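The values are calculated or read from the model by the stated rules, or taken from the named source; none is laboratory data. The shown structure was predicted, so the numbers you read here are calculated from the model rather than taken from an experiment. No Cβ is skipped: glycine too gets one built from the backbone with ideal geometry, and neighbour counts run over all protein chains shown.
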Amino acid sequence: MSKNTNAHYALKHIEQSIFPEIAEALERKAVEGRISCAAVHAIAASFHITPLEVGTQADLIELRLTRCILGLFGHERQNKGNRKNLDDQVSISLELKDTLIQQAKDNKISCIDCWNIAKRLGLKPSHVSSACEKMSIKIKPCQIGAF
């Protein structure tokens, strides 16, 4: 696996240790030093731990987190340099708008809340995040620790 020597993601977790079993699982799913959000979630489920714990392990072994399920980061290759994969023409139903306004605190909403809203309303997670972007609602924190 090639690693990005400029990354230094591990510096965010000075007090943390690498768990070899999780690191190996991450390396098996990594492509060119990158690991997708979906892969992090799958590994978390297989080890019965949180996505944040796996995201931390990815940082410790200097993997770049990519292809956010919400479309917020890591889509450079798909969008010719654009990091985000959002629909700026998204149609926001009154139900979605009201739900986002209700859930947002200080104009922020968590990643997991976006996922839960998408599931409850039968939408793609990226539809919810596109609506957040259009409504100027920041999504924070990320389940895997990217932001």
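With respect to Leu60, determine if the residue is assigned by TED's automatic domain parsing to the domain that holds Glu24, more than 16 Å from the chain's Cα centre (by Cα) and either touching a residue at least 40 places away in the same chain (Cβ under 8 Å) or on the phi < 0 side of the Ramachandran plot (or both).
Yes: the conditions hold for Leu60.
Just wondering, is there one or more residues in segment 45-53 that are more than 27 Å from Ala118 (Cα to Cα) and of a type in the set (Ser, Thr, Tyr)?
no
Hey, which of the helices (runs of 4 or more DSSP H) in segment 53-142, taking only ones fully inside, have at least 3 residues that are under 17 Å from Cys37 (Cβ atoms) and among the hydrophobic types (A, V, I, L, M, F, W, C)?
By residue number, 111-121.
Could you list, in sequence order, the residues of segment 124-138 that are among the aliphatic types (A, V, I, L, M) and closer than 15 Å to Ile112 by Cβ?
Val128, Ile137, listed by residue number.
Tell me, which residue of segment 70-97 that is under 23 Å from Gln143 (Cα atoms) and at pLDDT 95 or above is surrounded by the most Cβ atoms within 10 Å (Cβ to Cβ)?
It comes out as Leu70.
Can you report the number of residues in segment 109-125 which are under 20 Å from Ala44 (Cβ atoms) and either touching a residue at least 40 places away in the same chain (Cβ under 8 Å) or basic (Lys, Arg) (or both)?
Total satisfying the criteria: 5.
Is it the case that Ala45 is assigned to a helix (DSSP H, G or I), outside the structural domain of Glu15 (by TED's automatic domain parsing) and free of Cβ contacts under 8 Å to residues at least 60 places away in the same chain?
No, not satisfied.
Within segment 38-50, does at least one residue satisfy the condition of being hydrophobic (A, V, I, L, M, F, W, C), at pLDDT below 95 and in contact with a helix residue (DSSP H, G or I) (Cβ under 7 Å, 6 or more places away or on another chain)?
No, segment 38-50 has no match at all.
Answer with yes or no whether Ile18 is modelled with pLDDT of 95 or more and over 16 Å from Ser130 (Cβ atoms).
no
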